Amino acid sequence: MWQYIIRRIIYAIPVLLGVNILTFLLFFVVNTPDDVARMQLGAKHVTQRMIDDWKTMHGYDLPLFYNAEQHSITKTIFWQKSVNLFVFDFGISDGGRDIKQAIKERYGPSLAIAIPALIIGLLVNVTVAMLLAFFKGTYLDSWGVILCVMLMSISVLFYIVGGQYLFARVLKWVPISGYADGWSSFKFVLLPIAVSVVGGIGAGVRWYRSFFVEEMNKDYVRTAKAKGLSDTTILFKHVLRNAMIPILTGIVVVLPLLFMGSLLLESFFAVPGLGSYTIDAIRNQDFAIVRAMVYLGSVLYILGLLLTDISYVMVDPRIKLQ
Amino acid sequence: MRDYELQGVRLIDNYTYEIDIKGKYPQFKYWLAMPFFAAMPWEAIKLYAQPGFLESNISIDWYPVGTGPYYLAENNPERRMIMLRNQNYHPDYYPLVGEPGDVEDGLLTVAGQRLPFIDQIVFSLEKESIPYWDKFLQGYYDRSGISSDTFNSVISGTSNGGIQLSPELLARNIRLSIADILSIVYWGFNMLDDTVGGYTEQARKLRQAISLAFDVEEYITIFTNGRGTVATGPIPKGIFGYQDEQNSLSIYNLQLAKKLLAEAGYPNGINAKTGQPLQLYFEAFSSGDPDEKARFGWIQKQLAKLNIELIIRATDYNRFKEKMDNGDAQMYMWAWGADYPDPENFLFMFYSKNATVKHGGENGSNYSNPQFDALFEKFKDMEDTPERLALIQQMLQILKHDAPWIWGYFPQAYTLSNPWAAKGKPMTIGNNAFKYSRVDGKLRAKLQLQWNKPIIWPVPLLILTLIIIICPAFIAYKRRETATAEKI
């Protein structure tokens, strides 16, 4: 297995390089270094000299990919800004702040919402999906699936605004938005977690239900029934265990990405997490942060895929990694 | 920096320094009030310049050092900033005298008292307008602006043409204050352009005709909810030289516009020489605002009244700026906010040595008139005297004749205050208004509690609903568990 893991890590290098090049290209096709400088300097009283000074100060005065004057690829913006990422040196943002420090400060609030939302969402979705699968073919199942499709069709924005209106403005159970450190954050994260769970019920239940239904149609279930086992025993002891294999591996792939936070939720609930950090960086054309966050997202996604493969081996002994 | 001598600057004592100015520059007093002119202690600069400080995000702009009424105790612009009273602040007192009406408004009840009044000021970042507005209504913010989304539900017109707050806000004793912002939103012509630019009588008449066809009053009503006044010139209200009266170019007059257009050589929008319909280009920067399309459509409609086809070329701000820098624009829309309250800060946008294309300055229209320049050079360093006013009037007369801008409008700021926030003078340009602010903390705490009592009656209802949903499922499950086998 170690050989497999090492091989996957080596495979990740060209992928990450590709992601870096693509991010760089996409960013600088839309914005020239002059645009970035102008954005940072503001709209008033900005002269070309100020733009040039800013570019020199922030290392944007070099050619993009190839320095023809010095016949060098290292004296370029791409090299200077992107190569350090491979050793997780994210550098300083275009606004002058250390990115690694900002990530350290911000991943906590992101995880304070993402982890409980994942766990509660998983419990709710699996319970409801099992219930629908258990009553497959009945009215409960049909109406349950219809409700799931309806829930899936509603934008998450509606859940956010509706949740804020009903639970925070009308019923006044929780604060509308904001965040506090430590346990004081509890009241602030309740609504974002609830919105995240409810927003994911439709798709989650439908997906998990299909695993349960598939398992319940298998021969071993029929055999268990023939042996006289109760439906409860079959469902919890056999079906749940087998259906959890694809469910768990599906969860493992998103686990590292929880770190990145949610772009929309964090923005609406004023949570100072990594999701809002990324969205602000895009709005402010802060390339240093954008490239760092895209790179980090890619690394975490690759890590998620690797963990998925490993989790397959752990939950299903028939699978071997080569 | 300490190794270099800063010529023209002398330290008098620990709290005083002297600066020499070459010539006369009355606006210099405003520069002194700007953040970048604040005297910085060299010890602090040296402290923050130590290795490892920046890597740990410890820098002077994040943990600033100063001598003001407050110090920044917590600085997290992405979440919250807290300012606490500076115990070492020098003796500073609320003014003893005010303007006429200030006594009646209760603005001088604390005259002569030591500043500041508030111990702690908390700024919270709200990225979305809905939660921000809701929190103001719940009493978690002392003051709020009014977004376009909520404007119509908050403010309505009265029968005598005035405005009033909604009954819900009035019941909460929320107050509305309106302040003129020292800025102007305008539409400009590029004077270097072959069609709309130039200083011939035909070109002037074409620009004047277009100016008169713009119904700015309508624009203010539609796109700013009436929060603005039609501009009478480039100098906004509140600045020396502002002209109160509407003039020949600020009053919408379509008939006169058509007449001037014909005199300019475009009768009914057709070029008299070529017989071709007049077509103009408008450079705009797209900000993603949902009203943008409607706004562009409105501008096209104003020119369509003169039978002129206007093609909108919308792009991002950087591209727009590039076109302006290169002089590629024909017509454009822009805004200017005062750096300091002096007419020079507005009229300098017509000074030829500030032309964008030639000098990279703020004269986006690239207006150049030697007569205006001569008057500007004379006026710019003068004190606010009747002589200066006379020069301003002469300059405005020239601008009205040349019409490099469609005057546009002066925006207004509408601010709502909760009842515990004491009345104050609107301050739209300075940064030191907080030291004059007062709040009644006890009333705020009482009303916050009163306004935010949780409604708990839906809780049992919710539990009951859950039971109603779970019960049939549980019964069906039990029935299925105990059912006998069926023959298939």
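How much of the DSSP bridge set in the protein assembly as shown is antiparallel, in percent, rounded to the nearest 5?
Numbers: 44 of 54 bridges.
Counting only bridges with both partners in the protein assembly as shown, antiparallel ones make up about 80 percent.
How far is the Cα center of the range B:277-314 from the Cα center of the range A:84-116, in Å?
Going from one Cα centre to the other spans 43 Å.
Mind ranking B:I58, B:I392 by accessible surface for me, highest first, 1.4 Å probe? Walk me through the numbers before you get to the answer.
Details: B:I58 60, B:I392 0 Å².
The ranking, largest first, comes out as B:I58, B:I392.
What's log10 of I(q)/I(0) for the range A:2-87 at q = 0.16, 0.20, 0.21 Å⁻¹, Debye sum over Cα points only, no solvent?
Results for the range A:2-87 at q = 0.16, 0.20, 0.21 Å⁻¹ read -0.73, -0.98, -1.03.
Nearest 5 percent is fine: what portion of the DSSP beta bridges confined to the range B:220-347 is antiparallel? Intermediate values should be presented prior to the final figure.
Details: 1 of 10 bridges.
Beta bridges within the range B:220-347, antiparallel portion: roughly 10 percent.
Within 10 Å of each Cβ in A:169-177, how many Cβ atoms from other chains are there, averaged over the peptide? Mind showing how you got there, number by number?
On the way: counts 8, 2, 6, 7, 5, 1, 6, 11, 11.
Shielding by partners across A:169-177 averages 6.
Could you order B:H359, A:H238 by accessible surface area, starting with the largest, using a probe radius of 1.4 Å? Walk me through the numbers before you get to the answer.
Working: B:H359 100, A:H238 65 Å².
Ranking B:H359, A:H238 by accessible area, largest first, yields B:H359, A:H238.
Within a Cβ distance under 15 Å of B:G228, other residues only, what is the Lys/Arg minus Asp/Glu net charge? Before the final figure, lay out each step's value.
Values: positive: B:R227, B:K237, B:R295; negative: B:D180, B:D215, B:E217, B:E218, B:D291.
Once positives and negatives cancel, what remains is -2.
Could you work out the helix-only [θ] at 222 nm for chain A, with each DSSP H run of four or more residues adding -39,500 (n - 2.57) and the total divided by the number of residues, to the nearest 500 deg cm²/dmol? List each step's numbers first, then the result.
Numbers: 13 runs with 213 residues, N = 322.
The per-residue figure over chain A is -22000 deg cm²/dmol.
Among the lysines, which have Cα under 26 Å from the Cα of B:K478 when same-chain residues fewer than 8 positions away are ignored?
Leaving aside lysines fewer than 8 places away in the same chain, those within reach of B:K478 are A:K136, A:K218, A:K225, A:K227, A:K237, B:K487.
Of the listed peptides B:330-336, B:444-450, A:271-277, what is their order by residue-averaged count of other C-beta atoms within 10 Å, with the highest listed first? Numbers along the way, then the final one.
On the way: B:330-336: 20.1, B:444-450: 13.3, A:271-277: 26.3.
Highest mean packing first, the order is A:271-277, B:330-336, B:444-450.
Calculate, for B:L466 and A:V156, the FRET efficiency according to 1/(1 + (r/R0)^6) with r their C-beta to C-beta distance and R0 25 Å; round to the nearest 0.05.
Values: r = 24 Å, r/R0 = 0.94.
That gives a FRET efficiency of 0.60.
Along the positive direction of the dipole of the range A:105-315 (beta-carbon charges: Lys, Arg +1; Asp, Glu -1; about the Cα centre), which of A:S110, A:V161, A:G297 reaches farthest?
Sorting the options by dipole projection puts first A:V161.
Could you tell me how far the Cα centroid of the range B:341-384 sits from the Cα centroid of the range A:267-303, in Å?
After rounding, the separation between the Cα centres reads 43 Å.
For chain B, what does the helix formula give at 222 nm: sum of -39500 (n - 2.57) over DSSP H segments with n ≥ 4, over the residue count, nearest 500 deg cm²/dmol? Before the final figure, lay out the partial values.
Numbers: 16 runs with 158 residues, N = 488.
Calculated from helices alone, the mean residue ellipticity at 222 nm is -9500 deg cm²/dmol.
Please work out whether chain A counts as rounded, prolate or oblate from its C-alpha gyration tensor, where a ≥ b ≥ c are the square roots of the eigenvalues and a/c under 1.5 means rounded, while otherwise a/b larger than b/c means prolate and anything else oblate?
In terms of gyration-tensor shape, oblate.
Going by alpha carbons, how many degrees (0 to 90, nearest 10) lie between the helix axis of A:186-216 and the longest principal axis of chain A?
50 degrees
Rounded to a whole number, what is D in µm²/s for the range B:1-72 from Stokes-Einstein with the Kirkwood radius over alpha-carbon pairs (10 °C, 1.306 mPa s)? Walk me through the numbers on the way to the answer.
Details: Rh = 14.7 Å.
Calculated translational D: 108 µm²/s.
Note down the relative contact order for chain B as a percent, whole number, built from C-alpha pairs under 8 angstrom at least six residues apart. Don't skip to the end; give the middle numbers.
Working: 706 pairs, mean separation 94.3, N = 488.
Computed over chain B, the figure is 19 percent.
Please work out, to two decimal places, the log10 of the ratio I(q)/I(0) at q = 0.05, 0.10 Å⁻¹ from a Debye calculation in which every Cα of the protein assembly as shown carries one identical scatterer.
These q points yield log10 I(q)/I(0) values of -0.39, -1.33.
Average partner chain C-beta neighbours within 10 Å, per residue of B:121-131?
Details: counts 0, 0, 0, 4, 6, 5, 10, 10, 0, 8, 12.
Rounded to a whole number, the mean comes out at 5.
To the nearest 10 square angstrom, how much accessible area does A:I146 have with a 1.4 angstrom probe?
80 Å²
Per residue, what volume in Å³ does the convex hull of the Cα atoms of the range A:44-87 enclose? List each step's numbers first, then the result.
Working: hull volume 3.7 nm³, N = 44.
In the range A:44-87, the Cα hull volume divided by residue count equals 84 Å³.
Put one equal scatterer on each alpha carbon of the range B:65-160, apply the Debye formula with no solvent term, and list log10 I(q)/I(0) at q = 0.11, 0.13, 0.14 1/Å to two decimals.
Each listed q maps to, in turn, -0.56, -0.75, -0.84.
Calculate the translational D of the range A:35-161 in whole µm² s⁻¹ from Stokes-Einstein, where the hydrodynamic radius comes from the Kirkwood formula applied to all Cα pairs, the temperature is 20 °C and the viscosity 1.002 mPa s. Kindly include the intermediate steps, with their values, before the conclusion.
Working: Rh = 20.2 Å.
It comes out at roughly 106 µm²/s.
Counting only C-alpha contacts under 8 Å and six or more residues apart, can you give the relative contact order of the range B:1-92 as a whole percent?
Details: 66 pairs, mean separation 12.8, N = 92.
Relative contact order of the range B:1-92: 14 percent.
Could you pull the accessible area for A:K44 with a 1.4 Å probe, rounded to 10 Å²?
70 Å²
Binning at 10 Å from 0, report for chain B what percent of all alpha-carbon pair distances ends up in each bin.
P(r) for chain B, in whole percents per bin: 3, 14, 21, 22, 19, 11, 5, 3, 2, 1, 0.
For B:T465, what accessible area in Å² do you get when you roll a 1.4 Å probe over the heavy atoms of the protein chains, rounding to the nearest 10?
Its heavy atoms expose roughly 70 Å² to the probe.
Measure out, as a whole number of angstrom, how far apart the alpha-carbon centroids of the range A:171-208 and the range B:142-183 sit.
Here the answer is 33 Å between Cα centres.
Name the aspartates and glutamates eligible as straight-distance cross-link partners of B:K205: C-alpha to C-alpha under 18 Å, and not fewer than 8 places from it in the same chain.
Within the straight-line cut-off, B:K205 pairs with B:D193, B:D194, B:D215, B:E263, B:E309, B:D402.
Can you list, largest first and rounded to whole Å, the semi-axes you get for the range B:373-461 by taking the square root of 5 times each eigenvalue of its Cα gyration tensor?
Semi-axis lengths for the range B:373-461 are 53, 20, 8 Å.
Would you mind checking B:K135/B:K425; A:K81/B:K135; A:K55/B:K435; B:K237/B:K380 for any pair whose Cα atoms are more than 30 angstrom apart? Mind showing how you got there, number by number?
Details: B:K135/B:K425 24 Å; A:K81/B:K135 41 Å; A:K55/B:K435 38 Å; B:K237/B:K380 19 Å.
Pairs exceeding 30 Å: A:K81/B:K135; A:K55/B:K435.
Could you tell me which of B:I299, B:F320, A:I234 has its Cα farthest along the dipole of the protein assembly as shown towards the positive end, charges placed at Cβ (Lys, Arg +1; Asp, Glu -1), taken about the Cα centre?
Final value for the positive-end residue is A:I234.
For chain B, which DSSP H helices look membrane-span-like by this rule: Cα extent along the axis of 20 Å or more and mean Kyte-Doolittle of at least 1.0?
Working: long enough: B:386-402 (24 Å, -0.16); B:458-482 (36 Å, 1.26).
Flagged H segments are B:458-482.
Let me know the volume per residue of the alpha-carbon convex hull for the range B:183-413, in Å³. Don't skip to the end; give the middle numbers.
Values: hull volume 27.4 nm³, N = 231.
Here the figure is 119 Å³ per residue.
Order of B:87-100, A:294-307, B:370-383 by packing, highest average Cβ count within 10 Å first?
Details: B:87-100: 10.4, A:294-307: 18.1, B:370-383: 15.3.
The packing order, highest mean first, is A:294-307, B:370-383, B:87-100.
So for B:K435, B:K425, what's the accessible-area order with a 1.4 Å probe, most first? Spell out each step's value before the answer.
On the way: B:K435 25, B:K425 100 Å².
From most exposed to least exposed: B:K425, B:K435.
About the Cα centre of the range B:183-413, what is the dipole size in debye to 20, counting +1 per Lys and Arg Cβ and -1 per Asp and Glu Cβ, all else neutral? The partial results should precede the final answer.
On the way: 22 positive and 29 negative charges, 150 e Å.
That gives a dipole near 720 debye.
Which of the aspartates and glutamates could a cross-linker bridge to B:K127, judged by Cα under 12 Å and excluding same-chain residues fewer than eight apart?
Straight-line reach from B:K127, under 12 Å: A:E266, A:D280, B:E78.
Taking the C-alpha atoms of the range A:189-322, how large are the radius of gyration and the largest Cα-Cα span, Dmax, in Å?
In order Rg, Dmax, the Cα atoms of the range A:189-322 give 20.0, 65 Å.
The values are calculated or read from the model by the stated rules, or taken from the named source; none is laboratory data. This structure is a prediction, so every number in the text was calculated from the model and none was measured. For neighbour counting, all protein chains shown are included, and Cβ atoms are generated from backbone atoms with ideal geometry for every residue, glycine included. We work out accessible area using only protein heavy atoms, side chains counted, and drop any ligands, DNA or RNA first. Shrake-Rupley method; radii C 1.70, N 1.55, O 1.52, S 1.80 Å.
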